[in-house]
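The values are calculated or read from the model by the stated rules, or taken from the named source; none is laboratory data. Predicted model, so just to flag it, every value in this text is computed and none were measured. Virtual Cβ from ideal backbone geometry, glycine too; neighbours counted across all protein chains shown.
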Amino acid sequence: MATMDNPKANSSRPDRVLTDVHFWVPVAVLLAGLLLLSFMH
Amino acid sequence: MTSAAQPPSSAEAQGRSRSKTLQLLGILSGFTAGAWLGAAEAPTKLVSIGISPMAISLIMVIGVFLARWSLPALILGTSSVRADVRRAPHLMIWAVLAGCLWAVANTLTILAIRDIGLSIAFPLWNSNSLLGIFWGFLFFNELRQAGWRRWTGVLGGALVMCAGATLLAIASSTQGPAGHSLRGVWAALGAGVLWGTMYIPYRKAYLTGMNPLSFVTFFTFGEVGMMSALAVGYTGLTPLWQELLGARGVIFWLMLGGFIWVIGDLFQQYAAKYVGISRGIPLSNSNQLWGLLWGIFVFGELHGRPSSTYLQVVGGSLLMMLGVAAVAFSSASGEEQARWKEAAAREARRYGVARDYVEARLDGRRAADESVYSRSVWDWLLVAAASGIFVVFAGMARVPRMGLHAGPAALLATALLLLLAISAFALWRTTRFN
């Protein structure tokens, strides 16, 4: 029943990180920040 | 016979009382964070030689790096950090990511102040608390089923604090915009978005049970790594080195500023853990008020300014206090805390972290299968090495020749130490720094 409770139970930890929106939102904001910084300098 | 009208069991009553205590602890941590983060500006005011803002930031971050490793080693020991990482290794990624976000945001604020001045830049990047509230609501169930009264308290309080911060920034600003206004506005807004988003990793870590002391030790790798890359990238290695050599006499003051900042930030982390980012961040944003108290009473910064400036300071301070009170009196209800626990359970399921560990840590306790951590000889060596570096730079430090008001400085320092002692004792007694 592990898969019912946790659909990610069989995926590896890197997979779980890479499919987590909590990871991609900060990454996208960081990249945008670096881009902004390079435009400004 | 059981019925809805039955009085709550002793366990339920204990749970409610524990939850109320943790909320109060989070609010106290938020206040203390504001005081110490604001005081971190004081040592940097002693630095008046012309070194670049990038070098100033880098030196402060080096002080931060030393403090972020030595304080956790002193308080709990690095064995506790290692145990936390073994339980939830994925969180190291978020900690480093948060550190990188902080460094880029900090660099953007330097450019924003240069282009549009502090009075316009500060309120723009201070909007980070509003974004923190948004992410807390969207991703971590904060303010869900909170009711309109708490929504009004938190959102209204944060907005009132932004208005107060604007008045204080206008009053304390000594320079006008230096041109490139649109570019400065983008930089300030960018810093606000980066800092507001940095609270996603904070909340994720604490909902998964990580100890704030463990989180900051990895956060600092992102912070110092990104700041070094930016400083070398924008200044060049040789000019940066020359600048650091030339700044030998003030390195200690800047590193001390970083050290004080870390103490404030640790309490900010505990506030984010126990009252969530939607409440913890606005509370610790009261640092501007404390920074201004140091500026006015210790460094005589507004001396000779017109009475309208003082009116702005009084008005801004009252608004800040009003906002802080509104947020502080809007602590999470039982229903809302149940939604936090749902978000925590989701994280535990997704990353395979033991449910009892997550629940215990959320409740400020050690899990049943956790050992009692102690400090090893390596921890003491780490503390000694970090202290030694501070002592070496203190030996090189030049004592600045400037008029300081010793009385107010002693009063503010006493208030800081008192807040530190009360909050640290409350955290130790209630959670053993969990």
In the range B:41-55, the residues that are of a type in the set (A, V, I, L, M) and either assigned to a loop (DSSP other than H, G, I, E, B) or at pLDDT below 70 (or both)
B:46, B:47, B:49, B:51
Sole miss for residue B:226 among (1) hydrophobic (A, V, I, L, M, F, W, C); (2) part of a helix (DSSP H, G or I); (3) more than 11 Å from chain A (Cβ to nearest Cβ) is condition (3)
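Let's see how each residue does on (1) away from chain A (no Cβ under 14 Å); (2) in contact with a Pro (Cβ under 6 Å, 6 or more places away or on another chain); (3) more than 25 Å from residue B:66 (Cα to Cα); (4) without any contact (Cβ under 8 Å) to a residue 24 or more places away in the chain:
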{"position": "B:368", "(1), (2), (3), (4)": "yes, no, yes, yes"}
{"position": "B:371", "(1), (2), (3), (4)": "yes, no, yes, no"}
{"position": "B:374", "(1), (2), (3), (4)": "yes, no, no, no"}
{"position": "B:379", "(1), (2), (3), (4)": "yes, no, no, no"}
{"position": "B:384", "(1), (2), (3), (4)": "yes, no, no, yes"}
{"position": "B:407", "(1), (2), (3), (4)": "yes, no, yes, yes"}
{"position": "B:419", "(1), (2), (3), (4)": "yes, no, no, no"}
{"position": "B:425", "(1), (2), (3), (4)": "yes, no, no, yes"}
Inspect the range B:4-11 for any residue being part of a helix (DSSP H, G or I), farther than 22 Å from residue B:201 by Cβ, more than 14 Å from every other protein chain (Cβ to nearest Cβ) and at pLDDT below 90 and give the result as yes or no.
yes
State all residues of the range B:335-360 that are among the charged types (D, E, K, R) and over 10 Å from residue B:88 (Cβ atoms); if no residue qualifies, say none.
B:335, B:336, B:339, B:341, B:342, B:346, B:349, B:350, B:355, B:356, B:359
Give the residues of the range A:1-13 that are more than 9 Å from chain B (Cβ to nearest Cβ) and at pLDDT 80 or above, sorted by residue number.
A:12
Single unsatisfied condition, residue B:396 versus (1) exposed (fewer than 11 other Cβ atoms within 10 Å of the Cβ); (2) out of contact with any Ser or Thr (no Cβ under 9 Å at 6 or more places or on another chain):
(1)
How many of the residues in the range B:66-92 are within 14 Å of chain A (Cβ to nearest Cβ), in a helix (DSSP H, G or I) and surrounded by 19 or more Cβ atoms within 10 Å (Cβ to Cβ)?
3
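Here's the yes/no breakdown for (1) under 13 Å from the mean Cα position of the chain (by Cα); (2) assigned to a loop (DSSP other than H, G, I, E, B):
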{"position": "B:253", "(1), (2)": "no, no"}
{"position": "B:256", "(1), (2)": "no, no"}
{"position": "B:259", "(1), (2)": "yes, no"}
{"position": "B:270", "(1), (2)": "yes, no"}
{"position": "B:288", "(1), (2)": "yes, no"}
{"position": "B:301", "(1), (2)": "no, yes"}
{"position": "B:315", "(1), (2)": "no, no"}
Scanning the range B:397-412 residue by residue, the ones that are within 25 Å of residue B:247 (Cβ to Cβ) and at pLDDT 90 or above total 1
Before we move on, is residue B:264 out of contact with any strand residue (DSSP E or B) (no Cβ under 8 Å at 6 or more places or on another chain) and either closer than 24 Å to residue B:97 by Cβ or surrounded by 21 or more Cβ atoms within 10 Å (Cβ to Cβ) (or both)?
yes
Do you know which of the residues in the range B:317-358 that are in contact (Cβ under 8 Å) with a residue 12 or more places away in the chain and outside any helix (DSSP H, G or I) is nearest to the other protein chains (Cβ to nearest Cβ)?
B:353
Whichever residue in the range B:230-251 is assigned to a helix (DSSP H, G or I) and without any contact (Cβ under 8 Å) to a residue 60 or more places away in the chain and, among such residues, is farthest from residue B:400 (Cα to Cα)
B:233
Take the range B:340-361 and flag every residue that is crowded, with 17+ Cβ neighbours inside 10 Å and over 20 Å from residue B:19 (Cα atoms).
B:347, B:348, B:349, B:350, B:351, B:353
Can you find, within the range B:93-117, the residue that is nearest to residue A:22 (Cα to Cα) among those that are among the β-branched types (Val, Ile, Thr) and at the interface with chain A (Cβ under 7 Å from one of its Cβ atoms)?
B:93
Does the range B:288-297 contain at least one residue that is surrounded by 20 or more Cβ atoms within 10 Å (Cβ to Cβ) and either under 25 Å from residue B:200 (Cβ atoms) or within 14 Å of chain A (Cβ to nearest Cβ) (or both)?
yes
Only unsatisfied item for residue B:193, checking (1) within 14 Å of another protein chain (Cβ to nearest Cβ); (2) surrounded by 23 or more Cβ atoms within 10 Å (Cβ to Cβ); (3) of a type in the set (A, V, I, L, M, F, W, C), is (2)
Residue B:138 meets each of (1) within 11 Å of another protein chain (Cβ to nearest Cβ); (2) crowded, with 21+ Cβ neighbours inside 10 Å with one exception, condition (2)
Within the range B:392-414, work out how many residues are out of contact with any Leu (no Cβ under 9 Å at 6 or more places or on another chain), part of a helix (DSSP H, G or I) and closer than 28 Å to residue B:302 by Cα.
7
